[in-house]
Amino acid sequence: IEVDRQAPAVIRIYNEGGNLKLETDEKSTCSYSTNTNQKCNFDLTTGTQMLYSNSSVHYSEWKTNLNYYIKCADTSGNQPNPAECSIIVRPYNRG
C-alpha cells in the first residue's frame, strides 16, 4: 500500500498566451492570494481559484504588478502548512 502524504509540487510555471500557467506533479486544485499583508496565510477555499480543478495544469491572469501567493492541494487534501505556499510568483515581461 502506498500512502500519499505530500502536497503537490509545482514543477513548471510560465507565461502562455498572456496567462500564468502552472503545472503540478499530480492532479490538484490551486488558488492564490495577491494580498501582500496576508501573503501565504490564507485558506485554499478563500483564495482566488485558478482554472482547472483536479488537473495538473492551472491558469490565471498574467499581471506583472502583483505577487501571486499560490497554494495547491491534491485530491487527498494534502496541501502546504497554513502559513506556507506551494510557490510565490512575480510575473514580469522580458524587455
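Figures for the structure shown
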| item | result |
| --- | --- |
| Residue 15, sole failed condition from (1) within 19 Å of residue 81 (Cβ to Cβ); (2) open to solvent by 60 Å² or more (accessible area, probe 1.4 Å); (3) in contact with a Pro (Cβ under 8 Å, 6 or more places away or on another chain); (4) among the polar types (S, T, N, Q) | (1) |
| Pair list, Cβ < 9 Å and 6+ apart or interchain, from the range 22-50 residues that are under 19 Å from residue 61 (Cα atoms) to residues that are among the basic types (Lys, Arg) and part of a loop (DSSP other than H, G, I, E, B) | 33/39; 34/63 |
| Number of positions in the range 24-49 that are in contact with a strand residue (DSSP E or B) (Cβ under 9 Å, 6 or more places away or on another chain) and assigned to a loop (DSSP other than H, G, I, E, B) | 13 |
| Subset of the range 43-69 (residues that are under 17 Å from residue 84 (Cα atoms) and either loosely packed, with under 14 Cβ neighbours inside 10 Å or modelled with pLDDT under 95 (or both)) | 43, 44, 45, 46 |
| Counted residues, the range 30-42 - those being open to solvent by 40 Å² or more (accessible area, probe 1.4 Å) and on the phi < 0 side of the Ramachandran plot | 6 |
| Hey, residue 21 at pLDDT 95 or above, in a strand (DSSP E or B), of a type in the set (Lys, Arg) and open to solvent by less than 60 Å² (accessible area, probe 1.4 Å) or not | yes |
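The values are calculated or read from the model by the stated rules, or taken from the named source; none is laboratory data. This is a predicted model, so every value here is computed, not measured. As a convention, Cβ positions derive from the backbone with ideal geometry for all residues, glycine included, and neighbour counts pool all protein chains shown. What goes into the accessible areas is simple: the full protein's heavy atoms, side chains included, and nothing from ligands, DNA or RNA. Shrake-Rupley method; radii C 1.70, N 1.55, O 1.52, S 1.80 Å.
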